[in-house]
Structures are given as structure tokens and as C-alpha cells.
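Bear in mind these aren't lab numbers, they're just calculated from the coordinates by the rules spelled out. Note that this is a predicted model, so its numbers are computed, not measured. As a convention, Cβ positions derive from the backbone with ideal geometry for all residues, glycine included, and neighbour counts pool all protein chains shown.
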Amino acid sequence: MAGHHGPGPTGRAVAAVVLAVSVAAGGGDAPTRAGDGCALGRGALTVDDLPAGSSVLDCAAVGRLVTHEGAGVTVPEPGTKVTVDALSVDGSRHGFTVEVAADGRISYGRADAGSEEHTHAAAPAAAARPACADSAYAVGEHKEYGTYDWWLGDGPLPGDLSPAAARRAFESAIGTIIGTRNDCGYGDAVGARAKYHTLTHREANVDSRAHCTRRDGVSVWDAGDLSGGVVATTCSWSRPVAGGRDWLKEADVRFNTGDYTFTDNPTDRCANAYDIRSVATHEAGHVFGLGHVGSGHEGQTMFTNSFACSTAARTLGRGDVLGLRRIY
């Protein structure tokens, strides 16, 4: 990505939590140890087909789709991690991460599985806390060390916005994250920048099932059809950094205009339309390394599902700010 500078020390890296995947009946070694080779069937793979510890090189699995609990990503090249985060209507979908080490070994994790979540212990777990009284946050494993360069897809956009209006909406959302805009009295700003380039005929590397396809090196925000129940999806690709968080290399965002309606100006007559800037701010949070928080934290921008006609997520809550401070 243009404008990047070399990463510096970033503090303690968040440990990845690898999914426990059975290899075979009886718990034997994965049949893909160096030199063993393997045979994979056609079509989408599961984490059982390609167990953790398998060599994607021996298995010729780079570029193959691997799925887990409805989420899916295309296996990246060695030395790369890819994460999919879906903003769903009911919060039922979780982020999924696939990492391929430099030697080709694959591992799996939840997008926020190694994250930290801080909450007010005095409040009941299921009670929604006011945005500025809730310190809950979840962080993933990547960050933007320099400039997030992004492009706007040249197809139809959410809310039938013009390219100029969509650019303004998305720039505002990204600006909320990197400027940590909030009503809680917190200052600071993210130690990263963002730069819009232009319209592009390229598309976000997200398919109609909200799976991450193969990256093309261009971070695109666009709209299209996704799985029912998914309002928007972010796919992020990163590379490891010694002693720090992974270095973001690309992040694509797609809004689901096949199943849902969006508006940039919800009114009192709004019905079942999602606020573009609220959704965009949530997705920008994923771009810059934030994960989802769950039940009881509905006041946070990074709450795991979305609310129609609400503009609340345009502004960060206390936990959102603390999460960004943790990363940056």
C-alpha cells in the first residue's frame, strides 16, 4: 500500500488462539507433514479437510476456499493472514481467521479470539450499558502502521448514493475511527492515516456468500449481494511483524445491497433501512484492528450486530476508544 513506512515496536502482540480441529478418528497426526503430500476433494474445504498444521504447499491449497461455521476465506500465500468479519442482523456470525506461516503451515482462529475485553464488573452481563460508561472492547491482531489507501467501487453504491456522496460518507466513517470521535470526552487519535484515491473498476474481494476471495492488492469499498443476514463484510489481509501486531496490507469492505436497504439520512419515517455511516464506521473499526463486542455492549460502535434506522454507531463509545488506544 502506498505511503507506508516501516513498522516500529508496538507493545505486546495479542496471542492467536488456534481452533481445536480433529485430524482423524483416533487423533492421529495430520496427513500433510512435510514430504507426505495430500489429496483434497473438489469444491470448498472445511477445517477438517485441511487440519491445522497441514502444509498448504504440499496440499496445493493456496487459493482454495476453506470454511468454518458459515464463514469462509481463500487460503492465502505463505506469510499471510486473512480475516473475515461479518456485521450481521442477529450477531450470529463470528469472525474467522486463517494464517499461513512462512513455511506453509496453516492455523485457524476466531477473528477476536486472542482479543481482550474489559467490562464494568458492576453491571449485569446482559444489561446494555450507556456508550460512555462501557469500557468493553475487543481487538484483533493487525494494525495500520502507515496510510490506509482505499478506492471506491464504480458500481451501484449503498443508498443509491452518488460516488461523491459515498466518498464523503465513507471518509467520515474512517475519520471517526482514526480521529477517535466520541461524545465521552476522550482525546487522542489513531497513529495511522487514510487516503482516498479514486473510483475503480476493481471490486472488493468478497463473494456473494460473504467469503473472502483472493486479494488483489487494492483496498476497495463497494456494494453487492452477500449472504442473507449479513449487512456488511470486511476482509483484511496482514503480514507478521516481529515484536508487534500484524501489518495490514489490504482491507476490502462490501455492503449487502442485495438484501438490505441503506440510507445516509435516517428520518422519523425510516423503516428497516441501515444508516450508511453507522455501518461504515463499524467496518472501518475492523479495518483498523477492532473486533466485535457482544451482548450487553449495544452502545459500542463495534457491537456484533446492527440496528436499522439508528445513527448511534456514527460516534464511538468508551470501549471503542479504549480498544483503539490499546492498538495504537
Task: R0 of 22 Å, Cβ-Cβ distance Ala128-Cys270: FRET efficiency to nearest 0.05 - done: 0.60
TODO: Could you check the simple spin-label distance between Arg325 and Arg168, using points 7 Å along Cα→Cβ, in nm with one decimal?
DONE: 3.3
Open item on the list: Distance between the C-alpha centers of segment 61-110 and segment 187-209? Whole Å please.
Closed with: 19
Open item on the list: Can you give the local net charge around Gly155? Use residues other than it whose beta-carbon is closer than 9 angstrom to its beta-carbon, Lys and Arg +1, Asp and Glu -1.
Closed with: -3
- [ ] Can you tell me the FRET efficiency between Tyr196 and Ala39 if r is taken as the Cβ-Cβ distance and R0 is 41 Å, rounded to the nearest 0.05?
- [x] 0.35
Task: Order of Ile174, Ile327 - criterion: other Cβ atoms within 10 Å of each residue's Cβ, fewest first - done: Ile327, Ile174
- [ ] Calculate one ³J(HN,Hα) per residue across segment 287-299 by plugging θ = phi - 60° into the Karplus curve 6.51 cos²θ - 1.76 cosθ + 1.60, and present them in order as whole Hz with x for glycine and proline.
- [x] 3, 8, x, 7, x, 7, 10, x, 3, x, 10, 4, x
Task: Label-point separation in nm, Ala102 to Ser208, each point 7 Å along Cα→Cβ - done: 4.1
Task: Normalised alpha carbon radius of gyration of segment 207-254 [divisor 2.2 N^0.38 Å] - done: 1.31
Task: Dipole magnitude of segment 209-262 about its Cα centre (Cβ charges: Lys, Arg +1; Asp, Glu -1), debye to nearest 20 - done: 260
Task: Listed peptides 252-265, 275-288 by packing density, highest first (mean Cβ within 10 Å) - done: 275-288, 252-265
- [ ] Indicate, rounded to the nearest 5 percent, the antiparallel portion of the DSSP beta bridges found entirely in segment 131-327.
- [x] 35
Task: Ranked by how many other beta carbons lie within 10 Å on average, peptides 102-108, 192-198 from highest - done: 102-108, 192-198
Task: Rg over Rh [alpha-carbon atoms, Kirkwood Rh] for segment 131-327 - done: 0.94
